[in-house]
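Engineer: Okay, handing you the structure first.
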Amino acid sequence: VTAAYAGRLREARELTTRAIELARDRGLEEAAGVYAAGNSLWQATHGNCRESEQAAARTLALSRGRSPLSRSALAVAICGDSILAGRLAVEMIRRFPHDSFFKAAWLPMVHAALALHRGDPALAVERLKSAEPVELGTDAALWPAYLRGLAYLSQRAEAKARLEFQKILDNKGVLVPKDFNPAAMTLYPLPYLGTARAFAGGGDEDASRAAYEALLTLWQDADSDVPVVRAARREYRQLSVPRAAGSKKP
């Protein structure tokens, strides 16, 4: 989790593989599935969809328990695999029909992620309404707010997007629950990128630059080939250089 938080996804993958092996050696198949599912979800959010799909397949071979199933479904939905995401959603409903968090948060997040991938942010926002009352809990762990922020950003509703991303930055404690959640703390750097893009879209380059700098400080040792890291560094470089103090406008 620490490696993924810092954008070091190769190291995170290797450590996850070791964690899975240790869990399986002790007969802890459900725990192994949780670790694999966390890897699948953070690979998806960082743009490594091939890695995410492989991790999801490994997760589902290890366990089809509550956490592995829900996180795998969200990961493949973020990557746009509507067929597999749909099958997993049906399985979630069939196997856990009375799970309130599935109904309120995880199924809406899966549907919202698919809507975002199809270019329908308004539907994504609509799907996420039921998740809002529970998103500050340690189960949903602010993921609905992140997806909602992405939807608003896609709609060019930058002010609304910033509010959603700031909600995550202001509630860091939600992402470090007492029960281990591999998909929680790894979310934290990403709202900085959303915030930077929202400020840039609204024309506030100084605020955008500050958000990029906060993010890139967290990712100073990140893998250079991670798609979202590469994008953040490129976008930061493309921001106009501020005029020197005291210079006159042309």
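The values are calculated or read from the model by the stated rules, or taken from the named source; none is laboratory data. All of these numbers come straight from a predicted model, not from anything done at the bench. Neighbour counts run over all protein chains shown; Cβ positions are idealised from the backbone, glycine included. Only protein heavy atoms, including side chains, enter the accessible area calculation; ligands, DNA and RNA are left aside. Shrake-Rupley method; radii C 1.70, N 1.55, O 1.52, S 1.80 Å.
Engineer: Filter the range 191-227 down to residues that are polar (S, T, N, Q), in a helix (DSSP H, G or I) and either touching a strand residue (DSSP E or B) at 6+ places or on another chain (Cβ under 7 Å) or farther than 17 Å from Gly149 by Cα (or both), then give me how many there are. Even if it seems obvious, please write down each step before you answer.
Structural biologist: Narrowing the range 191-227 to residues polar (S, T, N, Q): 195, 208, 217, 220, 224.
Filter once more, keeping what is in a helix (DSSP H, G or I): 195, 208, 217.
Remaining after also requiring either touching a strand residue (DSSP E or B) at 6+ places or on another chain (Cβ under 7 Å) or farther than 17 Å from Gly149 by Cα (or both): 217.
So the count comes out to 1.
Engineer: Do you know which residues across the range 155-184 are outside any helix (DSSP H, G or I) and within 30 Å of Glu30 (Cβ to Cβ)? So that I can check it myself, show each step before the final result.
Structural biologist: At the first step, the residues of the range 155-184 found to be outside any helix (DSSP H, G or I) are 155-157, 171, 176-184.
Of everything in the range 155-184, those that are outside any helix (DSSP H, G or I) and within 30 Å of Glu30 (Cβ to Cβ) turn out to be Asn171, Val176, Pro177, Lys178, Asp179, Phe180, Asn181, Pro182, Ala183, Ala184.
Engineer: From Ala159, Ala124, Ala183, grab the single residue that is touching a residue at least 40 places away in the same chain (Cβ under 8 Å) and under 16 Å from Ala44 (Cβ atoms). Reasoning before the result, please.
Structural biologist: Values: Ala159 fails: under 16 Å from Ala44 (Cβ atoms); Ala124 fails: touching a residue at least 40 places away in the same chain (Cβ under 8 Å).
Ala183 is the lone residue from the list that is touching a residue at least 40 places away in the same chain (Cβ under 8 Å) and under 16 Å from Ala44 (Cβ atoms).
Engineer: Tell me, yes or no, whether the range 139-152 has at least one residue that is open to solvent by 20 Å² or more (accessible area, probe 1.4 Å), farther than 22 Å from Thr59 by Cβ and assigned to a helix (DSSP H, G or I).
Structural biologist: yes
Engineer: If I go through the range 116-138 residue by residue, how many of them are part of a loop (DSSP other than H, G, I, E, B) and closer than 14 Å to Glu164 by Cα? Steps first, please.
Structural biologist: So in the range 116-138, the residues part of a loop (DSSP other than H, G, I, E, B) come out as 118-120, 135-138.
Now narrow it down to the ones that are closer than 14 Å to Glu164 by Cα: 135-136.
Residues in the range 116-138 being part of a loop (DSSP other than H, G, I, E, B) and closer than 14 Å to Glu164 by Cα: 2 in total.
Engineer: Testing Arg66 on (1) touching a Pro at 6+ places or on another chain (Cβ under 9 Å); (2) farther than 15 Å from Pro227 by Cβ, one condition comes back false. Which one is that?
Structural biologist: Of the numbered conditions (1) touching a Pro at 6+ places or on another chain (Cβ under 9 Å); (2) farther than 15 Å from Pro227 by Cβ, the odd one out for Arg66 is (1).
Engineer: Let me ask something else about it. Condition test on Ala113, is it part of a helix (DSSP H, G or I), within 20 Å of Pro227 (Cβ to Cβ) and in contact with a Cys (Cβ under 9 Å, 6 or more places away or on another chain)?
Structural biologist: Values: part of a helix (DSSP H, G or I): yes; within 20 Å of Pro227 (Cβ to Cβ): yes; in contact with a Cys (Cβ under 9 Å, 6 or more places away or on another chain): yes.
When the stated conditions are applied, Ala113 passes them.
Here's the yes/no breakdown for (1) more than 16 Å from the chain's Cα centre (by Cα); (2) within 23 Å of Leu193 (Cα to Cα); (3) polar (S, T, N, Q):
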| residue | (1), (2), (3) |
| --- | --- |
| Ile78 | no, yes, no |
| Arg87 | yes, no, no |
| Met109 | no, yes, no |
| His117 | no, yes, no |
| Asp120 | yes, yes, no |
| Ser130 | yes, no, yes |
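Engineer: Only residues in the range 217-228 that are closer than 12 Å to Gln43 by Cα count as the first member; pair them with residues that are open to solvent by less than 80 Å² (accessible area, probe 1.4 Å) and assigned to a loop (DSSP other than H, G, I, E, B), Cβ under 6 angstrom, at least 6 apart or cross-chain, and list the lot.
Structural biologist: Pairs found: Val226/Gly7; Val226/His46; Pro227/Gly47; Val228/His46; Val228/Gly47.
Engineer: Restricted to the range 168-210, and to residues that are among the acidic types (Asp, Glu) and over 27 Å from Pro68 (Cα atoms), which residue is surrounded by the fewest Cβ atoms within 10 Å (Cβ to Cβ)? Step through it out loud before you land on a result.
Structural biologist: Initial filter on the range 168-210 (among the acidic types (Asp, Glu)): 170, 179, 204-206.
In the following step, the residues that additionally are over 27 Å from Pro68 (Cα atoms) were identified as 170, 204-206.
Numbers: Asp170: 11, Asp204: 15, Glu205: 14, Asp206: 9.
The selected residue is Asp206.
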